[in-house]
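Notes for the one structure printed next.
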Amino acid sequence: MSDSEFSQRRIKLVSAISLFTAILALIWCFVVYKIGMLQLSNYIGVMVLIFIISALLAKKQITIARILYMMTFIFGVSVTSSFVGKPGSVEFILIFAMGLPFLMFSFRREKIYITVFSILSVVFWVGLYATNFNLFTVTKVDVNIASSFVYPISILSTIILIGYELLHFSFLNIRYYQKLYHKREEAIEASNSKSRFLSTMSHEIRTPLNAVIGLSHILGVSNPRPDQRENIEALNYSGKILLNLINNVLDFSKMESSNIDLDPISTDIVISVKQIKKIHEAICLRKGISFNLEIEKKLPLVWLDIIRFNQILNNLVSNAVKFTEQGSVTLRIDKLSQSKSKIRLLTEIIDTGIGIESEAQDKIWEAFTQASQNTNRLYGGTGLGLPIVKSIVETMGSQIQLESEVGVGSRFYFELDLDIVSEDESKENEHKQNRKYDFKKQHILLVEDNEINVMVGKQILEKANLNVDVACDGLQAVNKVSENNYDLVLMDIQMPVMDGYLASQKIRAFNTNIPILALSASVFMEVKNKIYHSGMNGFVFKPFEPNDLLGQIEELLNVNNG
């Protein structure tokens, strides 16, 4: 609400209360005159005139009008109560006066007036009782008249005034909560729209990316020549780098509403980091700068979310390469300490680039912000990389640090405390990674509308000795499940004709036992919840690691057969 609208509302309120009180005071003036209290009648008559003046003055001098009204009302009620005495109970009208400042004045801007006039009402009430109602006069109305005639009028006046006050407060509360509700609904709708957009974009980008990563995996396990294997690994890793860029956008959306989840796995950091060098080395060669990788050679296997760790390194290395025109970029990982079960590592990304000014070193961690407008114009970028790096590092229990000097370069570094993979865990992990799955021709239905993903999926599944049938949409899937005996259904989510949610619900109407595994390109929590509510048993994100998919299939088949 603007200040002008607020002032108009306040002016109307003050005018209305002043005129209403003037009418009520006029009634009191007539009543008091009838019982022979001429002096009090004259006082109340003057109050009527002041209330009318206050109503007229509100349109030009609202502050003066309110102060005049409050002083007159509190003083007038107290004087009347002093003349009538305790039997008349006129002092109860001061209850209305205590709450009145909250209507007349703005709580945000005029707290001093609210405090003064509320306290003033209490002071006059206490003064009346302390002086046995002789605060202004010792002349009293006859006790019988006060108790039988004035008392009912006092109580009725108090009820009317306080009732009006309560109704007005209730109206203000209702209007406030209505606005709050509408804003909440608008915020929810905006959030849902953003989630739907990101979910759709995630699906559209991850679906072809699934084919890239899946095909590179198939090439890698198809006995390539040694000279081809290195290129295939680079292709596979490049797909994962692209996935990292997509995750940057999705992770920023997650950071607005919740924490980023970590999924630690047994990791050989040396092997993983060498892939990062392979990705960025070509760009460095084109720019004429060197890429140095310095890492402890004998690091143990550790429990680490390698996807998130690589996301950190890729963002930092990409920035270092982008802002370095001569010299070098160095990725260094040192062991600071090690015990039987723990290891502390220091990770550093050092460049000889343009550097960052000291006053800009705090704001670069803010979303969509870069060191300067000139930086954005010359080098581009979204400004999301560093905020996400900061969020992930903090989720891992550390803090990202920065040292930088303009024209010299920058050093980003952080320490991580990691659990070491035990010998038994290492053997178990090696067994999982090298494991060859054999499902002995168990029959599954692959529901997928993208032809390339169907081709990739079939090859991965058939290599694991699965008998694969295909449906191109949810309706076909429902019909095929009703006509055939499948051991498991792999269900895509976003498809034409009928989506995976509705298809799963229809399948569950006649078959409650068959395992249904969702193939989802969306990572949002509402999508995960909807998957389970639709009757599916689990999900695998696209693009998926083949062993992750096969492991999930084995787990569901074992549960169902058990």
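The values are calculated or read from the model by the stated rules, or taken from the named source; none is laboratory data. No experiment lies behind these values; they were computed from the predicted model shown. Virtual Cβ from ideal backbone geometry, glycine too; neighbours counted across all protein chains shown. Note: areas computed on protein heavy atoms with side chains; ligands, DNA, RNA excluded. Shrake-Rupley method; radii C 1.70, N 1.55, O 1.52, S 1.80 Å.
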Cα gyration tensor shape of the range 9-50, rounded if a/c is under 1.5, else prolate or oblate by comparing a/b with b/c: prolate
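Under the rule of -39500 (n - 2.57) per DSSP H run of 4 or more residues, summed and divided by the residues of the chain, what mean residue ellipticity at 222 nm is obtained, to the nearest 500 deg cm²/dmol? Please list the in-between numbers first.
Values: 17 runs with 332 residues, N = 562.
About -20500 deg cm²/dmol.
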Compute the Kirkwood hydrodynamic radius of the range 443-507, taking the inverse of the mean of 1/r over all pairs of distinct Cα atoms, and give it in Å to one decimal. 11.6 Å
Cα Rg, Dmax, the chain, angstrom units: 38.4, 119
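Determine the share of the chain's accessible area contributed by carbon and sulfur atoms, expressed in whole percent, with a 1.4 angstrom probe. The partial results should precede the final answer.
Values: 16480 of 29180 Å².
Of all accessible area on the chain, carbon and sulfur atoms account for 56 percent.
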With the charge dipole of the chain built from beta-carbon charges (+1 for Lys and Arg, -1 for Asp and Glu) about the Cα centre, the Cα from Ser410, Pro387, Ala55 projecting farthest to the positive end belongs to Ala55
Within the range 302-334, backbone nitrogen closer than 16 Å to the virtual label 7 Å beyond the Cα of Ser422 toward Cβ: 302-303
At the level of C-alpha centres, the distance separating the range 395-428 and the range 308-337, in angstrom, is 11 Å
Just want the answer: with Cβ charges of +1 for Lys and Arg and -1 for Asp and Glu, which residue in Tyr176, Val138, Phe124 is farthest toward the dipole's positive end in the range 104-201? Tyr176
Where Rh is the Kirkwood radius over the Cα pairs of the range 33-188, the temperature 25 °C and the viscosity 0.890 mPa s, what D in µm²/s does Stokes-Einstein return? 142 µm²/s
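List the relative contact order of the range 434-480 as a percent without decimals, with contacts defined as Cα pairs under 8 Å and 6+ residues apart.
Working: 58 pairs, mean separation 22.1, N = 47.
Relative contact order comes out at 47 percent.
Which whole-number percent gives the relative contact order of the chain, counting Cα pairs below 8 Å spaced six or more residues apart?
Numbers: 800 pairs, mean separation 52.2, N = 562.
With pairs under 8 Å counted, the relative contact order is 9 percent.
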The answer for Ala471, listing residues at least 5 apart or on another chain whose modeled amide H is closer than 5 Å to its amide H, is Leu446, Val447, Glu448
A convex hull over the alpha carbons of the range 103-177 yields, per residue, a volume in Å³ of 106 Å³
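Rounded if a/c is under 1.5, else prolate if a/b beats b/c, else oblate: with a ≥ b ≥ c from the C-alpha gyration tensor eigenvalues square-rooted, which is the range 286-370?
Values: a/c = 2.27, a/b = 1.57, b/c = 1.45.
Prolate.
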Calculated FRET value between Ala509 and Ser238, using beta carbons and R₀ = 41 Å, to 0.05: 0.40
Diffing the range 317-331: the Karplus 3J(HN,Hα) column from phi (6.51, -1.76, 1.60, θ = phi - 60°), in whole Hz with x for Gly and Pro, holds 5, 4, 4, 4, 5, 4, 9, 10, 9, 8, x, 8, 10, 10, 10
Protection-proxy order for peptides 27-40, 45-58, each taking the mean of Cβ atoms within 10 Å per residue, highest first: 45-58, 27-40
At 37 °C in a medium of viscosity 0.692 mPa s, the range 444-562 has a Stokes-Einstein diffusion coefficient, with Rh taken as the Kirkwood radius over alpha carbon pairs, in µm² per second, of 234 µm²/s
In terms of the charge dipole of the range 300-371, which places +1 on Lys and Arg and -1 on Asp and Glu at the beta carbon, the residue among Ala320, Gly353, Phe309 farthest towards the positive end is Phe309
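Note down the magnitude of the dipole of the chain about its Cα centre, charges +1 on Lys and Arg C-beta and -1 on Asp and Glu C-beta and zero elsewhere, to the nearest 20 debye.
Details: 55 positive and 57 negative charges, 442 e Å.
Around 2120 debye, computed over the chain.
Taking the solvent-accessible surface of protein heavy atoms with a 1.4 Å probe, what is the per residue accessible area of the chain in Å²?
Working: 29180 Å² over 562 residues.
Per-residue accessible area for the chain comes out at 52 Å².
Using only the C-alpha atoms of the range 1-120, find the volume of their convex hull and express it per residue in Å³.
Cα-based convex hull of the range 1-120, divided per residue, equals 87 Å³.
Considering Cα pairs under 8 angstrom that are at least six residues apart, work out the relative contact order of the range 462-537 and quote it in whole percent.
Numbers: 81 pairs, mean separation 23.1, N = 76.
The value is 30 percent.
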Just to check I understand the Karplus step: with θ = phi - 60° and J = 6.51 cos²θ - 1.76 cosθ + 1.60, what whole-Hz values come out for the range 482-496, glycine and proline as x? 6, 9, 10, 9, 9, 7, 6, 10, 9, 10, 5, 9, 9, 9, x
